[in-house]
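These notes concern the structure reproduced below.
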Amino acid sequence: MTNDKARTAKLGYSPLFVKTFARKHNLSKTYRGIKKRETKRIEGKLSGKITKSRVLQGTKLQMATPNPLVPTNGAENRPSNTPAWRDNLNIHMICPDCKQSPPDLIEENADTICANCGRVLAERIISYESEWRTFNTDEGKGDDPNRVGEAESEFLYGNQGTTIGGGGRNVSKDTLRLIKAQKLQNDDKNNRALQSAYSTIDGWAEGEHFNHSVRNYARMYYKKVYENNIFRGKNNQAVLASCLFLACRAAKVPRSFAEIMNLTKIPKKELGRTFKQLEKFLASTSQEAVDAIEAEGGIVDKDSMLYHGTQSSKPADLVVRFCDMMGMDFRVQYIATRLAEKIQGISTLAGRSPLSSAGACIYFASHLIGKGRSAAEMGHLINVSEATIKTAYKFMLQQKETLVEPDWLGPQPVNLKTGETPGVGDYKNLPSS
């Protein structure tokens, strides 16, 4: 009986159908009997129409028939008589200014330009040009307009923008040779030395949150030094620190010697000596480049090409950053900046360190409007001793009538963002020492 059930399952009949079929036709409930009856019906020897009951028939159809697919709007579902899409060749792009037919158009850099008048007829169009690498530049056959890989770096040697892919078991011999040649190029000794130096600069810049302008200036200065090899035998870390120091001044975010020393761990004496030699070298090389261009009859913008020696940091350049570091109010920052600009005319403060002068200006401004901070706190942050700040402050206190402006006294303007009042300016708020 078990074998009969298995054979019946092969035919696709349910046990209930087998039982109903056998009872209706007086058959024994076996596989052989059902098979024999089915064969006679197919051969036409059995009269009558034998079908499953409607209930069973409906169940069978519901189980076997899949859900109908919803037709989409694709081209395969369109009627056969629908015409295929074709470009209308009767429409031409003609320049509205020239109105030349046929038009003389130039497609370059994703733009369509009229060759006669230069009018841009279309921009940002999709480029269907080939992306294959031709290696024309390597073979000396002209420029190679490839767009593979990242942009080339002006601070390294050779072509770094090319990326040669490939690998696996089925790679060709030519591709293997190209990959090997690219590795030899990227492993150039000069590039390795420059990349090592640039990584050191980036590490220092990350610590002080320098922007890309400072990093690029430092890289440019170091590459010139490396090409001319003027610091052979010198401490390379000191050279990099000097490049970073000059880069900060060139990018209008000056840093003091003390800050660069704490960042790079280079002694002050060695940093100062290397910094002076680097400035002389940059000034001489820029002058030589200008003279060479003028000798050939060229016109040079000396303001942009010549290296102008950087001046020492001014207190006004440091005050804003120090106020931000201490979380000073905007009014304190404004008064301290104005004081830093005015103290340049005081002879007793002319030769003092810009750090001590900046600290004294912040100390004076904060106490004037009743938002005073201690000299010890400022000295710890600015890296100047407390006595140095107070000494500079005493010279400013002697000139307070000249330095203080009338609008600094009395109630100060309200901060429009926070709605807070900075304080009230009064000479009585100034400490005697």
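Assorted remarks:
- Breaking point among (1) of a type outside the set (K, R); (2) more than 24 Å from L263 (Cβ to Cβ); (3) modelled with pLDDT under 85; (4) within 44 Å of the chain's Cα centre (by Cα), for N383: (2)
- Some residue of the stretch 303-316 being more than 28 Å from the chain's Cα centre (by Cα), in a helix (DSSP H, G or I) and free of Cβ contacts under 8 Å to residues at least 12 places away in the same chain: yes
- If only residues of the stretch 206-216 that are farther than 11 Å from T264 by Cβ and assigned to a helix (DSSP H, G or I) are counted, the one that is most open to solvent (accessible area, probe 1.4 Å) is H212.
- Qualifying residues in the stretch 94-114 (those that are part of a loop (DSSP other than H, G, I, E, B) and closer than 12 Å to R124 by Cα) - the one least open to solvent (accessible area, probe 1.4 Å): A110
- 1 or more residues closer than 19 Å to S313 by Cα: qualifying helices (runs of 4 or more DSSP H) within the stretch 334-433: 354-368, 375-382, 386-398
- The sole residue among L278, L240, L194 that is within 26 Å of A358 (Cβ to Cβ) and open to solvent by less than 50 Å² (accessible area, probe 1.4 Å) is L278.
- Residues (within 16 Å of K224 (Cα to Cα) and polar (S, T, N, Q)) located in the stretch 273-311: T274, Q277, S284, T285, S286, Q287
- Subset of the stretch 327-375 [among the hydrophobic types (A, V, I, L, M, F, W, C), free of Cβ contacts under 8 Å to residues at least 60 places away in the same chain and surrounded by fewer than 17 Cβ atoms within 10 Å (Cβ to Cβ)]: A350
- In this structure, L397 does not satisfy being among the aliphatic types (A, V, I, L, M), under 21 Å from F330 (Cα atoms) and open to solvent by less than 60 Å² (accessible area, probe 1.4 Å).
- Failed item, numbered, when V320 is tested on (1) open to solvent by less than 70 Å² (accessible area, probe 1.4 Å); (2) free of Cβ contacts under 8 Å to residues at least 40 places away in the same chain; (3) out of contact with any Ser or Thr (no Cβ under 8 Å at 6 or more places or on another chain): (3)
- Number of the condition not met by M261 [criteria: (1) within 32 Å of the chain's Cα centre (by Cα); (2) open to solvent by less than 40 Å² (accessible area, probe 1.4 Å); (3) closer than 28 Å to E206 by Cβ; (4) without any contact (Cβ under 8 Å) to a residue 24 or more places away in the chain]: (2)
- Of the residues examined, G272 is not one that is without any contact (Cβ under 8 Å) to a residue 40 or more places away in the chain, open to solvent by less than 40 Å² (accessible area, probe 1.4 Å) and in a loop (DSSP other than H, G, I, E, B).
- Check on R255, among the basic types (K, R), surrounded by 17 or more Cβ atoms within 10 Å (Cβ to Cβ), outside any helix (DSSP H, G or I) and in contact (Cβ under 8 Å) with a residue 24 or more places away in the chain: yes
The values are calculated or read from the model by the stated rules, or taken from the named source; none is laboratory data. This is a predicted model, so every value here is computed, not measured. Virtual Cβ from ideal backbone geometry, glycine too; neighbours counted across all protein chains shown. When the accessible area is computed, the model is the full protein with side chains, heavy atoms only, and any ligands, DNA or RNA have been set aside. Shrake-Rupley method; radii C 1.70, N 1.55, O 1.52, S 1.80 Å.
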